[in-house]
Amino acid sequence: MKLLQGKIALVTGASKGIGRAIALQYAAQGANVAFTYLSSIEKGLALVAELEAFGVKAIGYRSDASDYKAAEQLVENVLADFGTIDILVNNAGITKDGLLMRMSEEQWDTVIQVNLKSVFNLTKAALKTFMKNKAGSIINITSVVGISGNAGQANYSASKAGVIGFTKSVALEIGSRNIRSNAIAPGFIETEMTAELNPEVVKGWTDNIPLKRAGKADDVANAAVFLGSDLSTYISGQVLQVDGGMLT
Ligand code: NAP
């Protein structure tokens with residue numbers, strides 16, 4: 001039996017990187033997958049066929065996770081197309097790095113909107129369905145820098161720390177309805193988001209990771225399968241670090 005057989009998952013930001021890996025592993029584990037993309041239209045459209053190849057239902061929606069009304073509309077569309085939602089993965093995220101001295105208001109606002117407000121938007125929109133079902137697994141993708149902070153990422157770290165506070169609060173509020181809320185905190189994962197980094201900097205980081213390598217998107221997706229599945233039915237309010245031991 002596959003771990004997510006017959007479950008319906010909504011994954012935000014699945015055109016690339018970690019979200020894409022989660023969508024693919026979910027489909028491989030038998031989940032029907034609704035996913036979103038925003039600017040990578042071709043990649044988003046191409047993912048549908050890749051997911052369908054696993055014999056599941058898959059639909060991609062072009063939707064801006066940072067837009068409250070768009071998130072409401074998205075959930076309405078997913079419910080009309082799939083009937084319900086069992087797992088929500090809030091993965092969409094961006095960086096706009098810079099030292100605080102040089103960080104613009106726009107850099108701050110955009111990162112908070114996309115990384116933190118999106119989690120509120122989608123969780124709020126899906127909540128009624130989870131309450132009705134008396135079941136649901138919410139998985140928010142935060143980051144180890146939401147725990148540790150990071151020079152040059154005050155906006156990003158703050159957004160990811162906010163995601164952790166939100167995740168734990170939701171777990172406390174709606175645990176009695178059998179709705180679980182957890183976060184995954186990836187460390188340094190090789191994706192397009194990190195491909196822009198200076199190779200010297202990357203080497204410095206990987207040398208300091210106990211497992212001596214950068215993570216792969218699939219390493220994070222494995223954790224998302226676990227938290228979405230019935231293997232984790234007594235786990236809520238937790239932050240699972242997927243970082244090769246980087247932050248201990
Ligand atoms: P990525 O390769 O840049 O992919 C980001 C995804 O988010 C893309 O599919 C993008 O879609 C989507 N997205 C961005 N803004 C969006 C919006 N407003 N609405 C909907 N979708 C949006 O990044 P990644 O490395 O896979 O990161 C995924 C998540 O993991 C993020 O939350 C990130 O903060 C977190 N994370 C990553 C690392 C790492 O080392 N890579 C470490 C810790 C945490 P389009 O391209 O279609 O716009």
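The values are calculated or read from the model by the stated rules, or taken from the named source; none is laboratory data. Not measured: the values here are computed from a predicted model. In this analysis, Cβ positions are derived from the backbone assuming ideal geometry, glycine residues included, and neighbour counts consider all displayed protein chains. These accessible areas exclude ligands, DNA and RNA; they are computed on the full protein's heavy atoms, side chains included. Shrake-Rupley method; radii C 1.70, N 1.55, O 1.52, S 1.80 Å.
Quick notes on this structure:
- Accessible area per residue for the stretch 8-239, computed on protein heavy atoms with a 1.4 Å probe, is 46 Å².
- Only the Cβ atoms of Lys and Arg (+1) and of Asp and Glu (-1) were treated as charged; on that basis the dipole of the stretch 1-127 about its Cα centre amounts to roughly 300 debye.
- Dipole check for the stretch 8-239: with +1 at the C-beta of Lys and Arg, -1 at the C-beta of Asp and Glu, and the Cα centre as origin, the magnitude is about 540 Debye.
- Rounded to 5, the percent of DSSP beta bridges in the chain classed as antiparallel: 0 percent
- Rel. contact order, % - alpha carbon contacts under 8 angstrom, at least six apart, the stretch 8-141: 26 percent
- Given charges at Cβ of Lys, Arg, Asp, Glu: the stretch 8-239 dipole, positive-most of ILE184, ALA70, ALA195: ILE184
- Convex hull (Cα only) mean projected area of the stretch 76-132, reported in nm² to one decimal: 4.7 nm²
- Spatially proximal lysines relative to LYS168 (Cα-Cα < 17 Å; intrachain offsets below 8 disregarded): LYS117, LYS124, LYS160
- Under the criterion of Cα pairs below 8 Å and six or more residues apart, the relative contact order for the stretch 8-239 equals 20 percent.
- Neighbours of VAL56, meaning other residues whose beta-carbon lies under 14 angstrom from its beta-carbon, give a summed charge of -1 when Lys and Arg score +1 and Asp and Glu score -1.
- Summing +1 for each Lys or Arg and -1 for each Asp or Glu among the other residues whose beta-carbon sits under 14 angstrom from that of VAL111 gives -1.
- For the chain, calculated [θ]222 nm from helices alone, where every DSSP H run of n ≥ 4 adds -39500 (n - 2.57): -14000 deg cm²/dmol
- In the structure shown, the pairs LYS43/LYS69; LYS7/LYS57; LYS69/LYS96 are assessed against 20 Å; a Cα-Cα span above that value is assigned to LYS43/LYS69; LYS69/LYS96.
- Think of each Lys and Arg Cβ as +1 and each Asp and Glu Cβ as -1; about the Cα centre, that makes the dipole of the stretch 18-82 roughly 140 debye.
- Proximal aspartates and glutamates to LYS216, defined as alpha-carbon separation beneath 15 angstrom and excluding residues fewer than eight positions away on the same chain: GLU190, GLU192, ASP243
- The stretch 24-33 - phi-based ³J(HN,Hα) in whole Hz, Karplus 6.51/-1.76/1.60, Gly and Pro as x: 5, 5, 4, 4, 4, 8, x, 7, 7, 10
- Positive-end residue, the chain charge dipole about Cα centroid, Cβ charges, pick of VAL33, MET131, ILE59: MET131
- Between ALA53 and THR233, the contour length at 0.36 nm per residue exceeds the Cα-Cα span by 62.0 nm.
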